[in-house]
Amino acid sequence: MKAIARRTRAALGDLGLRWKIAALLAVGCAVVAVAIGVLVHQARLEQVSATARSGATAQLVRVRQLYELTGQVDTVGDDATDAAIDAPGLPASLRAAALDGRRTTYLDMGAADPVVWAARPVGGDHVLSVREPLAGQAAEMAEFDQQLMVSGAVVVILAALGGAALASRLSRELRTAAATARRISQGDLDARIDHPRPPGGRNGRPCKDEVAELATAVDTMAASLQQRLEAEQRFTADVAHELRTPLTGLHTAAELLPQSRPTELVRDRVGALRALTEDLLEVARLDAEVERPDLDVHPLGRLSAGIVQRSGYEARFAAVADADDTLVRTDARRLERIIANLVANARRHGAGPVDVRVAGPVVTVSDHGPGFPEHLLKDGPQRFQTGARERGQGTGLGLTIAFGQAQVIGARVELGNAEGGGAVASVRLPEA
């Protein structure tokens, strides 16, 4: 029984909301129909039984009157009615009640041959009885029960269809809300449900529409989230722009300092700060989705080899034999930014050697370090979380920029860990 219940729950769990509501309405209507059918059947059965008992009693009175007048027992009225004294088929309980001085009846509608008996005592130790068959009444009850079942089945089917029709609108609106929420989670902050019936008063009366309230709440949440993200993007861009001017002056001043170890440290930190400022500006542009790629067709093998040579990081380049025959449609400058960031990330946070491999429309950058942390593989790169991978930290803005630039050129960056250890980042480009 438990296994059947589990399978039933699993089957119900796989149904959509529309069919769950339809099934619930059908089950509810079936229960009500069965209850009403039982009550109607019982009432009809009692009516038929009372009529049969009354008819048998009336026949018994007529037979008794005839017996007292003529001394003979004969059928009175209906030819199908049998009258006799001490009938051999008389039920024992009825015989005992009659010998006890009571006039009573006995009804058996469940037998193969439905019948009603009426009996009373005569002549001291004898019982006068009347037997009346009820085949017609039994057939009538069977037909009546069949009509009840057909009517109940029709009601259940209509309830299921009506429930499915009523629930289809609710299910459609909920699916629309879910699809809009997924679009928002994927970055489409302009997505809105725009429910046609916003919640609120109507004709001076309060209107309660839970789906409309849900749609309005999702739209409000999306608008608020969009405003906050746009404010953060503007703040990031403004800060980066404001830092550019003093950093330019600081860089110029550092170049005028005499050569010394402190001067080298100052110049190094100023350069790092300038690079961070440029990264911030780039991230702000990517977040604002104002970047437009300059797409062209390039042989991926030669293009990737040149990018690795210009990256300034030590990396081993390898390509399959027909790599130069693989043509991709991409923006060479942005692809260089992506691969250079992935190589720089592997050198800084992984362990050498760093390998760059081209196979088909895919460029793979791998190292031999501890690999990407689980949170990075699950949630993607997080900004300004720097530190060693073994401590579960992120990797600054490099991966964020790589993912953003890949989205601009229509590529896809996939992160993973090799079975033998080491981080693996793959860039899949659209073929020309």
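The values are calculated or read from the model by the stated rules, or taken from the named source; none is laboratory data. Given the structure is predicted, the values throughout are model-derived calculations rather than measurements. Counting neighbours? That spans all protein chains shown, and the Cβs are built from the backbone with ideal geometry, glycine included. Calculation scope for accessible area: heavy atoms of the full protein, side chains included, ligands and nucleic acids excluded. Shrake-Rupley method; radii C 1.70, N 1.55, O 1.52, S 1.80 Å.
Each row is one residue, and each column tells you yes or no for (1) without any contact (Cβ under 8 Å) to a residue 60 or more places away in the chain; (2) out of contact with any helix residue (DSSP H, G or I) (no Cβ under 8 Å at 6 or more places or on another chain); (3) closer than 22 Å to residue 285 by Cβ.
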position	(1), (2), (3)
326	no, no, no
332	yes, no, yes
336	yes, no, yes
340	yes, no, yes
350	no, no, no
357	yes, yes, no
368	yes, yes, no
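Does residue 97 count as buried (at least 19 other Cβ atoms within 10 Å of the Cβ) and out of contact with any helix residue (DSSP H, G or I) (no Cβ under 9 Å at 6 or more places or on another chain)? Against the criterion (buried (at least 19 other Cβ atoms within 10 Å of the Cβ) and out of contact with any helix residue (DSSP H, G or I) (no Cβ under 9 Å at 6 or more places or on another chain)), residue 97 qualifies. In the range 164-191, which residue that is under 19 Å from residue 25 (Cβ atoms) and charged (D, E, K, R) is least open to solvent (accessible area, probe 1.4 Å)? Taking the candidates together, the pick is 173.
A quick yes/no check of all residues on (1) in contact with a helix residue (DSSP H, G or I) (Cβ under 7 Å, 6 or more places away or on another chain); (2) over 20 Å from residue 410 (Cβ atoms):
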position: 273; (1), (2): yes, yes
position: 276; (1), (2): no, yes
position: 286; (1), (2): yes, no
position: 329; (1), (2): no, no
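Being farther than 18 Å from residue 186 by Cα and surrounded by 13 or more Cβ atoms within 10 Å (Cβ to Cβ) is the filter; apply it to the range 217-243 and report the residue that is modelled with the highest pLDDT. This residue is 217. In summary, residue 84 fulfils each of the numbered conditions (1) part of a helix (DSSP H, G or I); (2) modelled with pLDDT of 85 or more; (3) open to solvent by less than 70 Å² (accessible area, probe 1.4 Å) with the single exception of condition (1). Residues that are surrounded by 11 or more Cβ atoms within 10 Å (Cβ to Cβ) and among the hydroxyl-bearing types (Ser, Thr, Tyr) number at least 1 in the following strands (runs of 3 or more DSSP E) confined to the range 102-147: 104-108, 126-133. In the set (1) surrounded by fewer than 16 Cβ atoms within 10 Å (Cβ to Cβ); (2) assigned to a helix (DSSP H, G or I); (3) touching a Pro at 6+ places or on another chain (Cβ under 8 Å), residue 273 fails one condition alone, (3). Take the conditions (1) touching a residue at least 24 places away in the same chain (Cβ under 8 Å); (2) under 24 Å from residue 368 (Cβ atoms); residue 309 misses just one of them, which is (1).
Looking across the range 271-306 at every residue that is free of Cβ contacts under 8 Å to residues at least 12 places away in the same chain and of a type in the set (A, V, I, L, M, F, W, C), the one that is nearest to residue 244 (Cα to Cα) is identified as 275. Scanning the range 256-265 for residues that are part of a helix (DSSP H, G or I) and open to solvent by 60 Å² or more (accessible area, probe 1.4 Å) yields 256, 261, 262, 264, 265.
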